[in-house]
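The values are calculated or read from the model by the stated rules, or taken from the named source; none is laboratory data. Predicted model, so just to flag it, every value in this text is computed and none were measured. Using ideal geometry, Cβ is built from the backbone for each residue, glycine included, and neighbour counts are taken over all protein chains shown. We work out accessible area using only protein heavy atoms, side chains counted, and drop any ligands, DNA or RNA first. Shrake-Rupley method; radii C 1.70, N 1.55, O 1.52, S 1.80 Å.
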Amino acid sequence: MQQYDIAIPILPSRSVSDTLAFFRRLGFDGKICGDGDSYAILTRGTVELHFFTHSELRPAKSCAGCYIRVLDVESIYRAFTLAQLPRRGIPRLDALENKPWGMREFAIVDPDGNLLRIGQTL
């Protein structure tokens, strides 16, 4: 039983089956829900992301994203580096850094241009 409030981002995807395959490389589980390739729910531990089909999406123009606050950003970053994503372009994995706003964080951009910042409080 859930004992806390939670927000679940719903992000655009040109193909939820391709999105599911990408995020599986990062350790997410998931499934396509509903008819066809229109909606997916992905989870990794207590993190849950939803994706809907947006066939007109242009990744370089996307402004969709979310922030995921975690307890151990180092272990998640290490796990994500196993996917060997590039450091530039779309998709990409940015470096893990201490930020001036008191967070240790990194960012990942998925193939659809969604920006996910993942961090923990310093």
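Explain nothing, just the number: dipole magnitude of the chain about its Cα centre with +1 on each Lys and Arg Cβ and -1 on each Asp and Glu Cβ, in debye rounded to the nearest 20. So the magnitude is around 400 debye. For the chain, modelled as a GNM whose springs connect Cα atoms under 10 angstrom apart, the maximal fluctuation among Glu97, Glu74, Glu48 occurs at Glu97. Among the trypsin sites (Lys or Arg not before Pro) in region 41-112, those placed in a DSSP loop whose Cβ has at most 10 other Cβ atoms within 10 Å are Arg87, Arg88.
At a 1.4 Å probe, what is the % contribution of carbon and sulfur to the accessible area of the chain? Show your work: numbers first, answer last.
Details: 3750 of 7260 Å².
With neighbouring chains kept in place, the figure for the chain is 52 percent.
Treating each Cα of the chain as an identical point scatterer and summing with the Debye formula, the log10 of I(q)/I(0) at q = 0.19 Å⁻¹ comes to -1.09. Rounded to the nearest 10 square angstrom, Val47 shows an accessible area of 30 square angstrom against a 1.4 Å probe.
Name all residues of region 1-45 having a backbone nitrogen under 19 Å from the label point set 7 Å from the Cα of Ala79 along its Cα→Cβ direction, giving them as ranges. Of the residues in region 1-45, 7-9, 19-31, 41-45 have backbone N under 19 Å from the label point off Ala79. Compared with the direct C-alpha span, the chain from Ile90 to Thr121 gains 8.5 nm at full extension, assuming 0.36 nm per residue.
Summarising the strand pairing of the chain, around 70 percent of its internal DSSP beta bridges are antiparallel.
Remark: region 8-69 is approximated by an ellipsoid whose semi-axes, taken from the C-alpha gyration tensor as √(5λ), come to 17, 15, 10 Å, largest first.
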